[in-house]
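The values are calculated or read from the model by the stated rules, or taken from the named source; none is laboratory data. Everything numeric here is computed off the predicted structure, so don't read it as measured data. Glycine also receives a Cβ, built like all others from the backbone with ideal geometry; neighbour counts cover every protein chain displayed. Calculation scope for accessible area: heavy atoms of the full protein, side chains included, ligands and nucleic acids excluded. Shrake-Rupley method; radii C 1.70, N 1.55, O 1.52, S 1.80 Å.
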Amino acid sequence: MSYIVIDDERCKACYLCINECPKKLIQKSDKTNKLGDRIVEFCDPNGECLGCAMCATRCPDMAIKEVYRG
């Protein structure tokens, strides 16, 4: 099973990764970072993640720190 790991403190809530994910598995979270921005979260209840790393490539702050391919 593929998945990503997001560093909450590096996320600046630009939401570029949300649009980049081909399966739309990244969404706005209810959690906020130290700046008060609503960060993103990975949500894949059906195991659809491709492990393509498009989200990590698009993130300007390298907040998506790991991509696992299963």
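Computed over the chain, the per-residue total of -39500 (n - 2.57) for DSSP H runs of n ≥ 4 gives a 222 nm mean residue ellipticity of -2500 deg cm²/dmol, rounded to 500. If only the Cβ of Lys and Arg carry +1 and only the Cβ of Asp and Glu carry -1, the dipole of the stretch 1-51 around its Cα centre is close to 160 debye. By the Cβ-Cβ criterion of under 4.7 Å, the unpaired cysteines of the chain are C11, C14, C21, C43, C49, C52, C59. Taking the protein heavy atoms of the chain in the context of the full set of protein chains, the accessible area attributed to carbon and sulfur is 48 percent at 1.4 Å. With kT/(6 pi eta Rh) evaluated at 10 °C and eta = 1.306 mPa s, and Rh the Kirkwood radius from Cα pairs, the chain diffuses with a coefficient of 134 µm²/s according to Stokes-Einstein.
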